[in-house]
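**Q** Here it is, the structure, as structure tokens.
Please treat every number below as a calculation from the coordinates, not as lab data. All values derive from a computational prediction rather than experimental measurement. Every residue, glycine as well, gets a Cβ built from its backbone with ideal geometry; the counts of neighbours run over all protein chains shown.
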Amino acid sequence: MSAVHSVSAITTAEQQHRIYKAFDWIIIPIVVLVVIGAFHIHAMLTIGDWDFWIDWKDRRWWVTVTPISLIFFPAALHYLLWENFRLPFGATLACGGLLIGEWANRIANFVGWAYFPLNMVVPGEIIPMALCLDAVLIISRSLTITGVLGGMLWGIIFYPANWALIAPFHVPVEYNGVMMSVADLIGYNYVRTGTPEYIRIIEEGTLRTFGEDVTPVSAFFAGFISVLAYFLWLYIGKWFSKTTWMKRI
Amino acid sequence: MLNFKKSVLMLLAIMVGCIALYAAPAMAHGEKSQAAYLRMRTLLWYDVEVSTTKLKVNEELVMTGKFYWFYDWPSNIAKPEVAFLNIGIPGPVFIRKASYINGVSGTNSTRFDIGETYEFKVILKARRAARVHMHALMNVKEAGPLIGPGRWVEVTGDMADFTNEVTTLTGETIDLEHYGLVNAVKWHIFWGVIAAAWLLYWIFQGPILIPRYKKVKLLGDEADDMITPANRMVGLVMLIGTIVVVTWSYFNAYAQYPVTIPLQSGQITIPALPDAARGVNVEMIDARYRVPGRALEFTIKVTNNTNSPIKLGEFTSANIRWMNPEVSQAEPADSHDPVASNGMSYEGGAVMPGQTKLLKATCTDAAWETYRLAKLIYDPDSRFGGLIFFFDEEGNRSVVAIGGPLLPVFI
């Protein structure tokens, strides 16, 4: 009996190649779906309204919260894919998956069910950050360098990458004797019963800013914390990618 | 023998069918759900009217009314230091064209004073066809939504005809329904294509999971050599390209939109209306809720400092009205408008100018039960509150808040 077990069903290199390819086609779609679901839930719970609404995308809190919160999954996937496969696309896989989930959610739920206009609920752009993080990893071939340089770049590049999308919504409008941005006006026009104006956590002005512009300070802070969060989540990725029970492949 | 797959499919179909049959459209906004003492002693709405209950897409509806912040505010509810006048509707059936509190624009959150009265006006423009129960609503920070009276409103027409045009301070006329969408989608597609190319670059290098896993384990510390110089060059091009495109898009957007402002977040304080009591003073003497008769009975000492005799015409609380038809008449606006047209009576007659007099009033109606106000006697804070309306012979109205402990009478 033991002799029977030691004989593999794969006898040729071509068969082996076919089996490996089939394994890819089974596993990769499952991983993509799991990443879409898990990362999307994470984003909705930790960023939520900041990413849902155009009148929440401010230059202080949105800029700070989003990169810090979103680096978790890319970091964990970086560990999993780099340490086990030397594949450098963990960040792009995570962020691309998240955007697929977000677009599906915005179109089906926010527009299809609740009838909000789509321009009010367009998700933030996060692919450039992911591309940079992956690029630093493949160039440096080091998770440490990726954490320090890539993490900082991840935080800094978020606002400039989104300005092309949100700038039109920051054009001023005079409305009923009050000056508002177009985004504010959209938030006021399109009634949200459970999301009153005061619930927005956006910049309210402070003495502690460099000149008038708070964005660079927020972006650098987001980058700094993203660096720390990257390393924390590398360890969580390590914990989740153990192969304790796989003795041989 | 049962086929397993067919059985599972049948069970699923039955489950979905049951859910579909059971699920009913939401017809209310929780106006009965809060504890009675909260509804009676927080925000008291009155004179709420809508200009029309049937309109077409693009037509306007005006909702007006008054609200009074009850003087005996429950200590466990946050005070209205920051509040926002809102509308309770299922999604943007309407857009809010304008809202005013005492004539001041209500675009920003506002601070209100306890014990004061304010009037409001909300102008809405119909956006999509629907039949909705629409409420006046006040969101209070750390307290939640305080819901006002509701009205059934029906909108007909086609949402495709709806437009929401404004002119910016830079002179551009835009439609907020679609403004900026094409640009945002364009950028998402652009970056999405780059991301897809990067992922496919790796995925289509043949089987990548098992062979690469085995190779990583085999090479150990030398596994980094699996990344070829060509791979790194692709990474370098991608990094530089991403930074260049982001930088260009940033400055290009600034060139396209040279005048921009941050999101606005100011808050305002609006002065209250003059005292609506107009010289009528009321002191609560005694209040009881008669359980078998579903009736609130209260005795009040009324001092009339006006120049005319006054009579008690109405008691309102928790958006329910008990009318004394001999003095003031009102009928329900629709099937869900709780107006007890004959719900109030009182003993004591008119209060003459300068006179102080005891009046004993009774407010009876099934609404005490159907609107769950009778549960007040089981609340942790069994105090009630409401507004009483006095009328003189010329129809002038004095509105006075009353409240105090409520004793139940079970037999």
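**Q** Computed from the mean reciprocal separation of all distinct C-alpha pairs, what Kirkwood hydrodynamic radius does the range B:36-166 have, in Å?
**A** 15.3
**Q** Using a Cα-Cα cut-off of under 13 Å, which aspartates and glutamates could be cross-linked to B:K54, ignoring same-chain neighbours fewer than 8 residues away?
**A** B:E154, B:D334
**Q** When the gyration tensor of the range A:38-102 is built from Cα positions, what are the square roots of 5 times its three eigenvalues, in whole Å, from largest to smallest? Let's see the in-between values first.
**A** Working: eigenvalues 126, 26, 15 Å².
Largest first, the range A:38-102 gives 25, 11, 9 Å.
**Q** Now for a different question. On average, how many beta carbons from a partner chain sit within 10 Å of the beta carbon of a residue in B:263-275? Display every interim value, and only then the final one.
**A** On the way: counts 21, 14, 11, 4, 3, 1, 0, 0, 0, 0, 0, 0, 0.
If you average over the peptide's residues, the count of other-chain Cβ atoms is 4.
**Q** Moving on. 222 nm [θ] for chain A, helices only, -39500 (n - 2.57) per DSSP H run of 4+, per residue, to 500? Could you put the intermediate results ahead of the total?
**A** On the way: 10 runs with 147 residues, N = 249.
Value at 222 nm, helices only: -19000 deg cm²/dmol.
**Q** Which of the helices in chain A meet the span-like rule: DSSP H, Cα axial reach of 15 Å or more, Kyte-Doolittle mean at least 1.6? Walk me through the numbers before you get to the answer.
**A** Numbers: long enough: A:13-46 (47 Å, 0.99); A:72-85 (19 Å, 0.67); A:90-105 (22 Å, 0.85); A:127-140 (19 Å, 2.23); A:151-166 (23 Å, 1.27); A:215-240 (35 Å, 1.35).
Qualifying helices, which must be both long enough and hydrophobic enough, are A:127-140.
**Q** Counting other Cβ atoms within 10 Å, keep those with at most 13, restrict to DSSP loop, and tell me which trypsin sites (Lys or Arg not before Pro) in the range B:166-231 are left. Can you show the working numbers first?
**A** Details: sites: B:K186, B:R212, B:K214, B:K215, B:K217; in loops: none.
Sparse-neighbourhood loop trypsin sites (Lys or Arg not before Pro): none present.
**Q** Which value, in nm² and rounded to one decimal, describes the direction-averaged projected area of the C-alpha convex hull of the range B:280-409? Before the final figure, lay out each step's value.
**A** Details: hull surface 29.7 nm².
Mean projected area of the Cα convex hull: 7.4 nm².
**Q** Report the antiparallel proportion of the DSSP beta bridges in the protein assembly as shown as a percent, rounded to a multiple of 5. If you can, show how the numbers build up before the last one.
**A** Numbers: 93 of 104 bridges.
Taking every DSSP beta bridge within the protein assembly as shown, about 90 percent pair in antiparallel fashion.
**Q** Run down the aspartates and glutamates and flag those whose C-alpha is under 12 Å from the C-alpha of B:K357, throwing out any fewer than 8 positions away in its chain.
**A** Hits, sequence-local ones excluded: B:E283, B:E347.
**Q** Once the Cβ-Cβ distance between B:I19 and A:I27 is put in as r, and R0 is 51 Å, what FRET efficiency do you end up with, to the nearest 0.05? It would help to have the intermediate numbers written out before the result.
**A** Details: r = 33 Å, r/R0 = 0.65.
Efficiency computed from Cβ-Cβ geometry: 0.95.
**Q** Averaged over peptide B:334-344, how many Cβ atoms belonging to another chain are found within 10 Å of each residue's Cβ?
**A** Numbers: counts 0, 0, 0, 0, 0, 0, 0, 0, 0, 0, 0.
If you average over the peptide's residues, the count of other-chain Cβ atoms is 0.
**Q** Report the full-extension gain for the segment B:E154 to B:E119: residue separation times 0.36 nm, less the Cα-Cα distance, to one decimal in nm.
**A** On the way: separation 35, 0.36 × 35 = 12.60 nm, distance 2.49 nm.
Result: 10.1 nm gained on full extension.
**Q** As a quick test, which of the pairs A:K238/B:K214; A:K57/B:K125; A:K242/B:K215; B:K66/B:K301 have an alpha carbon distance above 20 angstrom in this structure?
**A** Numbers: A:K238/B:K214 18 Å; A:K57/B:K125 26 Å; A:K242/B:K215 17 Å; B:K66/B:K301 26 Å.
Check vs 20 Å cut-off fails for A:K57/B:K125; B:K66/B:K301.
**Q** Let me ask another. Volume per residue, Å³, of the convex hull around the alpha-carbon atoms of the range B:254-293?
**A** About 256 Å³ per residue, rounded to a whole number.
**Q** Sorted by average packing, counted as other Cβ atoms within 10 angstrom per residue and highest first, what order do A:144-151, B:202-209, B:59-66 take? Intermediate results must be reported in sequence, preceding the final value.
**A** On the way: A:144-151: 21.9, B:202-209: 15.9, B:59-66: 17.4.
Ranked by mean Cβ neighbours within 10 Å, highest first: A:144-151, B:59-66, B:202-209.
**Q** I've got another one for you. How would the range A:13-239 be classified by its alpha-carbon gyration tensor: rounded, prolate or oblate, with rounded meaning a/c under 1.5 and the a/b versus b/c comparison settling the rest?
**A** Numbers: a/c = 2.78, a/b = 1.59, b/c = 1.75.
Oblate.
**Q** I would also like to ask the following. Provide a whole-number value for the mean count of partner chain Cβ atoms within 10 Å of the Cβ atoms in peptide B:202-215. Don't skip to the answer; put the middle values down first.
**A** Working: counts 9, 6, 0, 1, 4, 10, 10, 13, 9, 7, 6, 7, 3, 2.
If you average over the peptide's residues, the count of other-chain Cβ atoms is 6.
**Q** Right, next: Checking the table A:K21/B:K5; B:K79/B:K121; B:K79/B:K141 against a 20 Å threshold on Cα-Cα, which pairs fail? Could the numbers behind the result be given before it?
**A** On the way: A:K21/B:K5 29 Å; B:K79/B:K121 22 Å; B:K79/B:K141 8 Å.
In this structure, A:K21/B:K5; B:K79/B:K121 lie more than 20 Å apart at Cα.
**Q** Kindly put B:M352, A:M129 in sequence by how many other C-beta atoms sit within 10 Å of each C-beta, fewest to most.
**A** Details: B:M352 12, A:M129 31.
Ordered by Cβ neighbours within 10 Å, fewest first: B:M352, A:M129.
**Q** OK, next. Which whole number of Å³ per residue matches the convex hull of the alpha-carbon atoms in chain B?
**A** Once divided by residue count, the hull of chain B is 280 Å³.
**Q** Taking chain B as the reference, fit the longest principal axis to its C-alpha atoms, fit the long axis of helix B:4-22 to the helix C-alpha atoms, and give the angle between the two in degrees, 0 to 90, nearest 10.
**A** Taking Cα atoms only, the helix is inclined about 30 degrees.
**Q** What angle do you read, to the nearest 10 degrees and between 0 and 90, between the alpha-carbon axis of helix B:181-203 and the longest principal axis of chain B?
**A** The answer is roughly 40 degrees.
**Q** Cross-link candidates for B:K32: which lysines have Cα within less than 19 Å, leaving aside residues fewer than 8 places away along the same chain?
**A** B:K375
**Q** Now for a different question. Just want the answer: with Cβ charges of +1 for Lys and Arg and -1 for Asp and Glu, which residue in A:Q16, A:L131, A:G205 is farthest toward the dipole's positive end in chain A?
**A** Of the candidates, A:Q16 comes out farthest on the positive side.
**Q** Another question, then. Nearest 10 degrees is fine. How inclined is helix B:210-219 to the longest principal axis of chain B, computing both from alpha carbons?
**A** Helix B:210-219 sits at roughly 70 degrees to that axis.
**Q** For chain B, what does -39500 (n - 2.57) per DSSP helix run (n ≥ 4), summed and divided by total residues, give at 222 nm, in deg cm²/dmol to the nearest 500?
**A** On the way: 6 runs with 89 residues, N = 411.
-7000 deg cm²/dmol, from helical runs alone.
**Q** So which residue, out of B:I243, B:I114, B:I300, gets the largest mean-square fluctuation from a GNM of chain B using Cα contacts under 10 Å as springs?
**A** Comparing B:I243, B:I114, B:I300 in a Gaussian network model of chain B, the most mobile one is B:I243.
**Q** Further, regarding this structure: So for B:E119, B:E326, fewest C-beta neighbours within 10 Å to most, what's the order?
**A** Details: B:E119 16, B:E326 13.
The fewest-first ordering by Cβ neighbours comes to B:E326, B:E119.
**Q** Looking at chain B as a GNM with Cα springs under 10 Å, which of B:L312, B:L373, B:L200 has the largest mean-square fluctuation?
**A** Looking only at B:L312, B:L373, B:L200, the biggest GNM fluctuation is shown by B:L200.
**Q** Turning to a different aspect of this structure: Using only the alpha carbons, work out the radius of gyration and Dmax of the protein assembly as shown in angstrom.
**A** Spelled out, the Cα radius of gyration and Dmax of the protein assembly as shown are 32.2, 113 Å.
**Q** Right, another one. Listing A:H40, B:H135 from the residue with the fewest other Cβ atoms within 10 Å to the one with the most, what is the order? Each step should come with its number before you reach the end.
**A** Details: A:H40 19, B:H135 24.
Listed from fewest to most nearby Cβ atoms, that is A:H40, B:H135.
**Q** Between B:I320, B:I14, B:I123, which gets the highest mean-square fluctuation from a Gaussian network model of chain B, Cα cutoff 10 Å?
**A** Comparing B:I320, B:I14, B:I123 in the GNM, the peak value goes to B:I14.
**Q** If you don't mind, there's one more thing I want to ask. With r as the distance between the Cβ atoms of B:R111 and B:F410 and R0 = 35 Å, compute the FRET efficiency 1/(1 + (r/R0)^6) and round to 0.05. Walk me through the numbers on the way to the answer.
**A** On the way: r = 43 Å, r/R0 = 1.22.
Once rounded, the FRET efficiency stands at 0.25.
**Q** Excluding the sites themselves, what is the longest stretch of chain A that contains no GluC sites (Glu not before Pro) in a DSSP loop with at most 15 other C-beta atoms within 10 Å? Walk me through the intermediate numbers first.
**A** Numbers: sites that count: A:E204, A:E212.
Longest stretch, sites excluded: A:1-203.
**Q** Where q = 0.14, 0.20 Å⁻¹, what log10 of I(q)/I(0) comes from the Debye formula for the range B:181-256, counting one point per Cα?
**A** Rounded to two decimals, the profile gives -0.65, -0.97.
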